[in-house]
Amino acid sequence: MAVLLIFFCNTWASEQQIIDSHIHYNWDQAEITTPQDVIRILKKHAVEFAVLASTPTALALQLSELDRKLFFPLFSPYTHELGKQDWYKNEQTWKLAEQGLKNKSYLGIGEIHFMAGFPPKTDNLVFRKLMQLAYEYHAPTLIHVDASNETIFIGICQQHPEIRIQFAHAGGNLLAPHIEKILNTCENVWIDLSARDPWRYDGLTNAQGKLKLDWRELILKFDHRFMIGTDPVWRVTRTQSWDQADDGWNYYDKLMDYHLRWLSDLPPPTRSKLQYQNAKNFYNFEN
Ligand SMILES: [Zn+2]
């Protein structure tokens, strides 16, 4: 009886464990959401740890120092409030990255954004230096590419086969066949499904909140290489209010519930991999 009880407890526990592979705590979120709010929200959802990137990047350290077990802080090349616009022109960026990785205050690099047709290109010097550091320090790297197909991202992952790369939002607007090509081409890539929700990139689920068939088949086929995340940045949907603080953390429950709903329709072992084990493996996180 005791053995049976332990078995059921373990099964239950593994189904409940969650790692959020994609959160932000940016300056415009910090205006209305305190570090204590973030910690409370993550703990409420039994998140074991969350992969954190901030703009400016120093905010990630301020938050993670409050609970080293709860956060996996990434070095964001956006070192000031508007850093997303000029990071690739600033050669100091990789020096700061190196310092942070060397002293282990940062444990990975990202999120780095590219947009097809807009600067920077993926061959710019600062990005290449950051990838060199990722290689030297075995740092997992979170990369976001907005494009109409998988070509740009495949260019990156093929050039850096030794770096573990997390592809943000399954490429945003990319479709299951694009992602399948990436998974077949680059063994070093894991896919995060954050922001693939009905309020932002969308495309993952049907009207019943279950995975669309092509995504379901792909996820079952590569069930060791997908991770979930919330990416609680809400302003992306409110283009009229760039002057307001980002209240994305107020929607954390809604974002997490959305993902847990489609996950609940998957076989329990797959569900557990997506919501916990894959991210744990990817980030090789020792608790
Ligand atoms: Zn993000």
Checklist entry - Only one of these conditions is not met by Thr33: (1) part of a helix (DSSP H, G or I); (2) within 17 Å of Asp246 (Cβ to Cβ). Which number is it? => result (1)
Item to check | Residue tally, condition surrounded by 13 or more Cβ atoms within 10 Å (Cβ to Cβ) and over 20 Å from Leu255 (Cβ atoms), over the range 202-215 | outcome: 1
Checklist outcome for this item: Log entry, pairs with first residue in the range 43-54 being of a type outside the set (A, V, I, L, M), second being within 16 Å of the ligand (Cβ to nearest atom) and part of a helix (DSSP H, G or I), beta carbons closer than 7 Å, six or more apart or on different chains, reads His45/Met256; Ser54/Ala60
Checklist entry - Can you tell me which residue in the range 21-43 is nearest to the ligand (Cβ to nearest atom), limited to those that are over 16 Å from the mean Cα position of the chain (by Cα) and hydroxyl-bearing (Ser, Thr, Tyr)? => result Thr33
Checklist entry - Does Pro177 satisfy the criteria of being away from the ligand (no atom under 15 Å from the Cβ), closer than 22 Å to Asp214 by Cβ and in contact (Cβ under 8 Å) with a residue 12 or more places away in the chain? => result yes
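If you scan the range 55-111, which residues turn out to be in a loop (DSSP other than H, G, I, E, B) and under 23 Å from His160 (Cα atoms)?
Ser76, Pro77, Tyr78, Asn90, Glu91, Lys104, Tyr106, Leu107
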Next on the checklist: Against the condition under 19 Å from the mean Cα position of the chain (by Cα), closer than 24 Å to Leu42 by Cβ and small (Gly, Ala, Ser), how does Ala168 come out, does it pass?
Outcome noted: yes
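Computed from the coordinates by the stated procedures, all read-outs in this text should not be read as laboratory data. What you are looking at is a predicted structure, and each value in this text was computed from that prediction instead of being measured. As a convention, Cβ positions derive from the backbone with ideal geometry for all residues, glycine included, and neighbour counts pool all protein chains shown.
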